[in-house]
Amino acid sequence: MYDPRVLTRLLRGQEQDAADYIDLVSARADFIRRVAAVTAPYDALVMPTVPVTAAPVADLVADDAYRQVNFLVLRNPSVANFLDRCSISIPCHRGGEAPVGLMLIGEHGADRRLLAIAAAIEAAVSPDFRQAGD
């Protein structure tokens, strides 16, 4: 029932044995702790949500082209996922242009704080998306 392209990625997990998985989980937890110590003094990490504008669907028909673009557009959001953090993407393009987003990554469990920061930033970078009266 999965999209065949997603299923291919999921099935790669069969190649990993339990010992490798346990080592990976331990290394990830250590990495998360080390990154948290470095980023604790900051309000948020800021980066483009994706490093490219969206490709036309017609350009993604071939599996190789799809994989290349899919890997690229998942790269930045995957950072937040890997670090087990909250994140939000704020639209920051001009009206009529291809959509792009500014991603903010907060500390683990700091969703409310990140949303407050995002609301303040959104007011500055996304005037086209504000509703009347805001």
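Laboratory data are not the source of any read-out in this text; all were calculated from the coordinates shown. It should be emphasised that the depicted structure is a prediction, and the values quoted were computed from it without experimental measurement. With ideal geometry, Cβ positions are generated from the backbone for all residues, glycine too; neighbour counts draw on all protein chains shown.
Would you mind calculating the gained length between ALA110 and THR39 on full extension (0.36 nm times residue separation, minus the Cα-Cα distance), in nm to one decimal? Mind dumping the intermediate values first?
On the way: separation 71, 0.36 × 71 = 25.56 nm, distance 1.28 nm.
Extending this stretch completely gives an extra 24.3 nm.
With runs of 4+ DSSP H residues as the only contributors, calculate the mean residue ellipticity of the chain at 222 nm using -39,500 (n - 2.57) per run, divided by the residue total and rounded to the nearest 500.
Value at 222 nm, helices only, nearest 500: -16000 deg cm²/dmol.
What is the distance, in nm, between label points placed 7 Å from the Cα along the Cα-to-Cβ direction at ARG12 and at ALA120?
Each label point lies 7 Å from its Cα, and together they span 3.9 nm.
Taking only C-alpha pairs under 8 Å that are 6+ residues apart, what is the relative contact order of the chain in percent?
Contact order relative to length: 24 percent.
If you average the alpha carbon positions of the stretch 76-109 and of the stretch 23-47, how far apart do those two centres end up, in angstrom?
17 Å
Can you list the DSSP H helices in the chain whose Cα atoms extend at least 15 Å along the helix axis and whose mean Kyte-Doolittle hydropathy is -1.0 or higher?
18-39, 63-82, 111-125
Mind running the shape call on the chain? Use the C-alpha gyration tensor, a ≥ b ≥ c as the square roots of the eigenvalues: rounded below 1.5 for a/c, prolate if a/b tops b/c, oblate otherwise.
Oblate.
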